[in-house]
Amino acid sequence: MIVQQKHFRTIWFKSSSSDTVCIIDQRPLPHQFIIEEIATINEMIIAIKEMHLRGAGLIGAAAGYGMYLAVLEAEKEKAFDISLQSSAKKLIDSRPTAVNLIWAVNRQLQAISKVSSVDEKKTVARNMAITIADEDAAFCKSIGEHGVKIIEAISHKKQGDTVNILTHCNAGWLAFVDYGSATAPIYEAFKRGVKIHVWVDETRPRNQGASLTAWELLNAGVPHTIIADNTGGHLMQHGMVDMVIVGADRVTRAGDAANKIGTYLKALAAKDNGIPFYVALPSSTFDWKITDGVKEIPIEERDAEEVKYITGLCNNELKKVLITPLNSNASNFGFDVTPARLIRGFITERGVCEATEQSIVSLFPEKVAK
Ligand code: MRU
């Protein structure tokens, strides 16, 4: 994405000879654009846990870079393998719902285990971190190319009239290495001149929609309107939404999709109003080992403070303010699961499929259950 006239990815090595990893600190956005430098595995774990960076694809890429930093750390220890395994576990435990994290850690562990000297392990881990990031960007680009056909078909049906797309949370450039998943078809449609408008759910409690998706769309010049989280149903009843596209943090092989809390309610409203509800994801977000999303996907519970306080700009300074009675209890479930029956289709890097195991594995035949 272009920010301040410069192309940025969301994670990169400071230079080809540097071990420092650069990320965009997402916490002060949209008000401040700050690049954070990460030099140790512990700093990377904190960045993931405390959401300096976030979003399934980017968490996966960060885990890839984190494992490279873990190798550098293990090199300093007497017991290389114990140190590496311990870092891998800490990374996996840093956030539970997005499966991309475990997927990237395991991919790194496998690659690192194939070579024996520490120097080789460093090279392999560094290359793998870059490969995971490059793949993420390429897959999101393909998601855009496949998904745009759905938007173009709706536009055609509406004889070129504006296509209104509702999205929840931030499954955008900031949630991946580049392009985003849910936003990739939107950016592609905009590029091709299709008339579009995006309804952006604010996405309480952390407001990833209002703060991040809106900022991205504004940067790209895509027409959009931020709405309070509970507005979608009303808009759908009044014909003001043509389709919903959301991202995902983990999708079962049967097509149940975990995404940011509130997604399920949007899917129910979409079903009730006959509006197509699509989930866009790279294959790294499928959890091929599970089928029942409600029972099997771990749902992160975060600090209740995120519900009770809100951060924003006041007199040009970022301020955190209490919006609830100080002594009320609050709970903060980060994600919910939308059952496959409510999903019209998945937009993946290999194409679009229905939300059934049969249709999903028709795109990914190597994952057919043996
Ligand atoms: O808690 P977050 O911000 O890391 O949640 C992830 C998300 O942004 C959403 O659930 C998103 O729609 C899917 S991530 C590609």
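Coordinate-derived values only; no laboratory data. The model shown is predicted, which means the values in this text are computed figures rather than measured ones. Positions of Cβ are generated from backbone atoms using ideal geometry, with glycine treated the same way; all protein chains shown enter the neighbour counts.
Computed over region 34-118, relative contact order equals 34 percent, with contacts defined as Cα pairs under 8 Å that lie 6+ residues apart.
Looking at the calculated P(r) for the chain, what percent of the C-alpha pair distances fall above 38 Å?
Values: 10569 of 68265 pairs.
The proportion of pairs with Cα distances above 38 Å equals 15 percent.
Applying the Karplus relation 6.51 cos²θ - 1.76 cosθ + 1.60 with θ = phi - 60° to region 70-75 yields 3J(HN,Hα) values of 5, 5, 4, 5, 4, 4 Hz, where x marks Gly and Pro. Of all DSSP-defined beta bridges confined to the chain, some 60% are antiparallel rather than parallel.
Summary value for the chain: 15 percent relative contact order, contacts being C-alpha pairs under 8 angstrom separated by 6+ residues.
Near the amide H of TYR309, within less than 5 Å, lie the amide hydrogens of ILE323, all on another chain or at least 5 residues away, with H placed in the peptide plane. Sorted fewest first by neighbouring Cβ atoms within 10 angstrom, HIS238, HIS31, HIS197, HIS52 come out as HIS238, HIS31, HIS197, HIS52.
With θ taken as phi - 60° and the Karplus curve 6.51 cos²θ - 1.76 cosθ + 1.60 applied, the whole-hertz 3J(HN,Hα) list for region 33-45 is 9, 10, 9, 9, 9, 10, 10, 10, 4, 5, 5, 5, 4 Hz, x standing for glycine and proline.
Using +1 on the beta carbon of Lys and Arg, -1 on that of Asp and Glu, and nothing else charged, what's the dipole of region 145-367 about the Cα centre, debye to 20? Write out the running numbers ahead of the final one.
Values: 23 positive and 27 negative charges, 74 e Å.
Rounded to the nearest 20 debye, it is 360 debye.
Here the convex hull built on the C-alpha positions of region 91-132 has a volume of 65 cubic angstrom per residue.
Cβ-to-Cβ counts within 10 Å put TRP173, TRP103 in ascending order as TRP103, TRP173, the fewest first.
Select from LEU58, TRP215, ILE245 the residue farthest towards the positive end of the dipole of the chain; place +1 on Cβ of Lys and Arg, -1 on Cβ of Asp and Glu, and compute about the Cα centre. After comparing all options, I get ILE245. Checking the cross-link pairs LYS78/LYS122; LYS266/LYS295; LYS6/LYS122; LYS89/LYS121; LYS260/LYS367; LYS49/LYS319 against a 24 Å limit on the alpha carbon distance flags LYS6/LYS122; LYS260/LYS367 as lying beyond it.
Once you sort the root eigenvalues of the Cα gyration tensor of region 287-333 as a ≥ b ≥ c, which label holds: rounded (a/c under 1.5), prolate (a/b larger than b/c) or oblate (the other case)? The shape class here is oblate. 3J(HN,Hα) couplings calculated from phi for region 209-218 with the Karplus curve 6.51 cos²θ - 1.76 cosθ + 1.60 (θ = phi - 60°) are, in sequence order, x, 5, 8, 9, 4, 4, 5, 4, 5, 4 Hz; Gly and Pro show x. Restricting to Cα pairs below 8 Å that are 6+ residues apart, what does the relative contact order work out to for region 122-279? Please round to a whole percent. Normalised by residue count, the contact order of region 122-279 is 22 percent.
Can you pull the semi-axes for region 2-135, root of five times each eigenvalue of the Cα gyration tensor, sorted largest first, whole Å?
25, 16, 13
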